[in-house]
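The values are calculated or read from the model by the stated rules, or taken from the named source; none is laboratory data. Here the structure is a predicted model, which means the values were calculated and not measured. For neighbour counting, all protein chains shown are included, and Cβ atoms are generated from backbone atoms with ideal geometry for every residue, glycine included. The accessibility values were calculated without ligands, DNA or RNA, using every heavy atom of the protein model including side chains. Shrake-Rupley method; radii C 1.70, N 1.55, O 1.52, S 1.80 Å.
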Amino acid sequence: MISNEMRDRLIAMAREASQNAYVPYSHFKVGAAILGEKGGIYTGCNVENASLGLTICAERNACTTMIAQGERRIAAVAIYGGEKGGEAAPCGACRQFMLEFADEALEAPLYFAGRDGSFVTSSFQEICPFPFRNFVGND
């Protein structure tokens, strides 16, 4: 269970991370903050590229930072949708990417925060009800 204080901290950190976004094409700044199971908090922002397929989303940026720091499991995620407003739910690629590290905790909370201070609370189970799994070697 994530406390309201931790939720608010994650949202604030995601908002702060969004300010570092590199978005010369969409102008849509997104920030993410991931709470790892061991208690570390890892942030990321979106980084666009002229070859749009090479753009890195904030969620995957934060997740790879978590992995690089030695954590392997997600306890909670906050995503801030930038100054253009609205809640920013993760794209399909980010949903699948994060599921790799939340597969045993599908009820881990996700908070999609908007600039007006509102947020939507969801879970991996809700945003990806039929997750792809690699069952190779699992008898």
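Can you run down the residue pairs with Cβ atoms below 7 Å, 6 or more apart or on separate chains, where the first is in region 110-122 and free of Cβ contacts under 8 Å to residues at least 60 places away in the same chain and the partner is open to solvent by 60 Å² or more (accessible area, probe 1.4 Å) and assigned to a strand (DSSP E or B)?
Listed by first residue and then by second, the contacts come to Phe112/Phe119; Phe112/Val120.
Check whether at least one residue in region 20-28 is touching a residue at least 40 places away in the same chain (Cβ under 8 Å), under 18 Å from Ser122 (Cβ atoms) and of a type in the set (A, V, I, L, M, F, W, C), and report yes or no.
Within region 20-28 (the criterion being touching a residue at least 40 places away in the same chain (Cβ under 8 Å), under 18 Å from Ser122 (Cβ atoms) and of a type in the set (A, V, I, L, M, F, W, C)), the answer is no, since none of the residues qualifies.
Out of Glu59, Glu107, Glu37, report the one residue that is touching a strand residue (DSSP E or B) at 6+ places or on another chain (Cβ under 7 Å), among the acidic types (Asp, Glu) and surrounded by 23 or more Cβ atoms within 10 Å (Cβ to Cβ). Talk me through it step by step, then tell me what you get.
Numbers: Glu107 fails: surrounded by 23 or more Cβ atoms within 10 Å (Cβ to Cβ); Glu37 fails: surrounded by 23 or more Cβ atoms within 10 Å (Cβ to Cβ).
Among Glu59, Glu107, Glu37, only Glu59 is touching a strand residue (DSSP E or B) at 6+ places or on another chain (Cβ under 7 Å), among the acidic types (Asp, Glu) and surrounded by 23 or more Cβ atoms within 10 Å (Cβ to Cβ).
Applying the selection to region 16-34, what residues are under 11 Å from the mean Cα position of the chain (by Cα) and either surrounded by fewer than 24 Cβ atoms within 10 Å (Cβ to Cβ) or not in a loop (DSSP other than H, G, I, E, B) (or both)? Spell out the reasoning first.
Keep residues of region 16-34 that are under 11 Å from the mean Cα position of the chain (by Cα), which gives 30-34.
If the condition is that a residue be under 11 Å from the mean Cα position of the chain (by Cα) and either surrounded by fewer than 24 Cβ atoms within 10 Å (Cβ to Cβ) or not in a loop (DSSP other than H, G, I, E, B) (or both), then Gly31, Ala32, Ala33, Ile34 are the ones that fit.
Please go through region 64-82 and give me each residue that is open to solvent by 10 Å² or more (accessible area, probe 1.4 Å) and assigned to a strand (DSSP E or B), ordered by number.
Across region 64-82, the qualifying residue is only Ala75.
When Cys91 is evaluated against the numbered criteria (1) closer than 21 Å to Arg9 by Cβ; (2) surrounded by 12 or more Cβ atoms within 10 Å (Cβ to Cβ), which criterion, by number, is the only one it fails?
Only one criterion in (1) closer than 21 Å to Arg9 by Cβ; (2) surrounded by 12 or more Cβ atoms within 10 Å (Cβ to Cβ) is unmet by Cys91, namely (1).
I'd like the full set of residues that are surrounded by 20 or more Cβ atoms within 10 Å (Cβ to Cβ) and over 11 Å from the mean Cα position of the chain (by Cα), limited to region 1-14. Talk me through it step by step, then tell me what you get.
Taking region 1-14 first, the residues surrounded by 20 or more Cβ atoms within 10 Å (Cβ to Cβ) are 10-11, 13-14.
Of everything in region 1-14, just one residue is surrounded by 20 or more Cβ atoms within 10 Å (Cβ to Cβ) and over 11 Å from the mean Cα position of the chain (by Cα), namely Met13.
Of the conditions (1) within 16 Å of Ser123 (Cβ to Cβ); (2) modelled with pLDDT of 95 or more; (3) not hydrophobic (A, V, I, L, M, F, W, C), Pro90 clears all except one; give me its number.
Every listed condition holds for Pro90 apart from (2).
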